[in-house]
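The values are calculated or read from the model by the stated rules, or taken from the named source; none is laboratory data. The model shown is predicted, which means the values in this text are computed figures rather than measured ones. Cβ sites come from the backbone with ideal geometry, for glycine too, and all protein chains shown count toward neighbours. Heavy atoms of the whole protein, side chains included, go into the accessibility calculation; ligands, DNA and RNA do not. Shrake-Rupley method; radii C 1.70, N 1.55, O 1.52, S 1.80 Å.
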Amino acid sequence: MITYAHALNRLQEHAAELPSLYPRACPDYRGRTVDAATVRDYLVMEGPRFAEAAAMLPAPPRPGARALEVGIAYGFLAALVKSNGWEAEGLELEENIPVYCAFARRHGIPVHSGRLGVAPLPFPGGSYDAVIFSEVLEHLRLSPGLVFRELHRLLAPGGWLLVSTPNHARLANVLKLLAGRSVVEAFPEDAACENATELLTHVREYTMREMKRLLAAARFEVRRARYSACMEQRKPRRFLTAFIPPWRGNLMLLAQKGA
């Protein structure tokens, strides 16, 4: 079983690979620059999340057990999962794969193109023993019930679903509400499209109570649920949220499909 400290050390080692994997600046699907420096900054910021999530996922139940990361991006979390004995794979938008997935491919992680939506993903039911769904839900313009039912379909009986997402009730949002400010992302001014949510970063965030209800409705059994400070490593509020876990910035839940 991989530990949090071990996972962080591995991520630090992976940082040395980035200059050769991302030698030239390329725009991603939102027009943001992707190069070795931006990927390194992302790894530093998100590394504690990757390490915590990897340590939360149980060891594979048998040799050859498959784990799919939905929204794999660069593949750092999937690489940690693979180092723990899983046969890791990824799912990413087709247009993102050439820009993001060089690291995943370097580490022998297959990346499938696909998009969560009304139609099923291109995998038979029960294809995977684990699905990782980390910091993706808040970006989707889909019913979360629809999403979790599809992830339930992908899993074999007894399979694991690991979910992380921002905590809508985090301290930063509590303080905004107390000051009379909105905690919902503002629509862009004069958005030149019919669906302005296409331009938002977080379309919808969730509370712990909501997440437990949504997973139960999709016929998952929640085995572990924790408030995580993984995104608050360098923020002063971490000292306060250490004593009030429900004010931490992220939610992490480990759920299981019934046998």
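Residues in the range 114-141 that are within 21 Å of Glu95 (Cα to Cα), open to solvent by less than 50 Å² (accessible area, probe 1.4 Å), outside any strand (DSSP E or B) and modelled with pLDDT of 90 or more: how many?
Total satisfying the criteria: 9.
So Ala259 fits all but one of (1) farther than 30 Å from Pro61 by Cβ; (2) in contact (Cβ under 8 Å) with a residue 12 or more places away in the chain; (3) open to solvent by 20 Å² or more (accessible area, probe 1.4 Å); (4) assigned to a loop (DSSP other than H, G, I, E, B); what number is the exception?
Ala259 satisfies every listed condition except (1).
Return yes or no: is Leu175 surrounded by 13 or more Cβ atoms within 10 Å (Cβ to Cβ) and free of Cβ contacts under 8 Å to residues at least 60 places away in the same chain?
Yes, satisfied.
Can you spot a residue in the range 194-201 that is in contact with an Asp or Glu (Cβ under 7 Å, 6 or more places away or on another chain), without any contact (Cβ under 8 Å) to a residue 24 or more places away in the chain, open to solvent by less than 80 Å² (accessible area, probe 1.4 Å) and not hydroxyl-bearing (Ser, Thr, Tyr)?
Yes, because at least one residue in the range 194-201 is in contact with an Asp or Glu (Cβ under 7 Å, 6 or more places away or on another chain), without any contact (Cβ under 8 Å) to a residue 24 or more places away in the chain, open to solvent by less than 80 Å² (accessible area, probe 1.4 Å) and not hydroxyl-bearing (Ser, Thr, Tyr).
Please go through the range 1-52 and pick out each residue that is of a type in the set (A, V, I, L, M) and not in a helix (DSSP H, G or I).
The answer is Met1, Ile2, Ala25, Val34.
From Pro166, Pro157, grab the single residue that is at pLDDT 95 or above, open to solvent by 60 Å² or more (accessible area, probe 1.4 Å) and part of a strand (DSSP E or B).
Only one candidate passes the filter, namely Pro157.
Looking for whichever is surrounded by 12 or more Cβ atoms within 10 Å (Cβ to Cβ) and more than 17 Å from the chain's Cα centre (by Cα) here; the options are Arg213, Arg226. Which one fits?
The conditions single out Arg213.
Which members of the range 221-256 meet the condition of being part of a helix (DSSP H, G or I) and among the aromatic types (Phe, Trp, Tyr)?
Once the filter is applied, which keeps residues that are part of a helix (DSSP H, G or I) and among the aromatic types (Phe, Trp, Tyr), the range 221-256 yields Phe239, Trp247.
Mind checking which residues of the range 97-113 are surrounded by fewer than 18 Cβ atoms within 10 Å (Cβ to Cβ) and in a loop (DSSP other than H, G, I, E, B)?
The answer is His107, Gly108, Pro110.
Using beta carbons and a limit of 8 Å, which pairs, at least six apart or on different chains, have the first residue in the range 66-84 and in contact (Cβ under 8 Å) with a residue 12 or more places away in the chain and the second one among the aromatic types (Phe, Trp, Tyr) and in a loop (DSSP other than H, G, I, E, B)?
Arg66/Trp86; Ala67/Trp86; Leu68/Phe123
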